[in-house]
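Single-structure report; data block below.
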Amino acid sequence: MIFAGRLPRPGLRVLVVEDQPSGAVAQGFRKLGCDVEVVADGLDGFRRASRGSFDVVALRASAGESGAMSCLDTLRAMSLVGIEAPILVVGAEPGSSLAAEFLASGAKAVLATV
């Protein structure tokens, strides 16, 4: 995984929102040496982020029963309570209409999975 043209730094605190049993997004960040916590949906992500300090929130494009866009809306509300971690969406094709929708809705970046 690469964002802003470089790999995440070891020790980066990442909150991953993904509902996939494989945990591929979390595993990817762990392989890069990041400290990772995982929750299953945007509401749990909001609750967890409000109790801890994260450098970034990574949202799997298919996360949550109500869909990733709903999760993104919930997570964006974090800024209303002073949580400023940027939200990355993982698993949507950069340049696609879905990626554009995520970016227009407040995601800082959209990352493809390989």
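Say whether the condition of being among the small types (Gly, Ala, Ser), within 24 Å of residue 9 (Cα to Cα) and buried (at least 21 other Cβ atoms within 10 Å of the Cβ) is met by at least one residue in the range 65-83. Within the range 65-83 (the criterion being among the small types (Gly, Ala, Ser), within 24 Å of residue 9 (Cα to Cα) and buried (at least 21 other Cβ atoms within 10 Å of the Cβ)), the answer is no, since none of the residues qualifies. Residue 21: closer than 27 Å to residue 97 by Cα, at pLDDT 85 or above and out of contact with any helix residue (DSSP H, G or I) (no Cβ under 6 Å at 6 or more places or on another chain), yes or no? No, not satisfied.
Applying a threshold of 6 Å to beta carbon distances and a minimum spacing of six or more residues, or different chains, the list of pairs starting in the range 88-114 at a residue that is at positive phi and ending at one that is among the aliphatic types (A, V, I, L, M) and modelled with pLDDT under 85 reads 91/61.
Do you know which residues across the range 12-25 are over 17 Å from residue 50 (Cα atoms) and outside any loop (DSSP other than H, G, I, E, B)? 24, 25, listed by residue number.
The values are calculated or read from the model by the stated rules, or taken from the named source; none is laboratory data. Model, not experiment: these values are computed from the prediction. For neighbour counting, all protein chains shown are included, and Cβ atoms are generated from backbone atoms with ideal geometry for every residue, glycine included.
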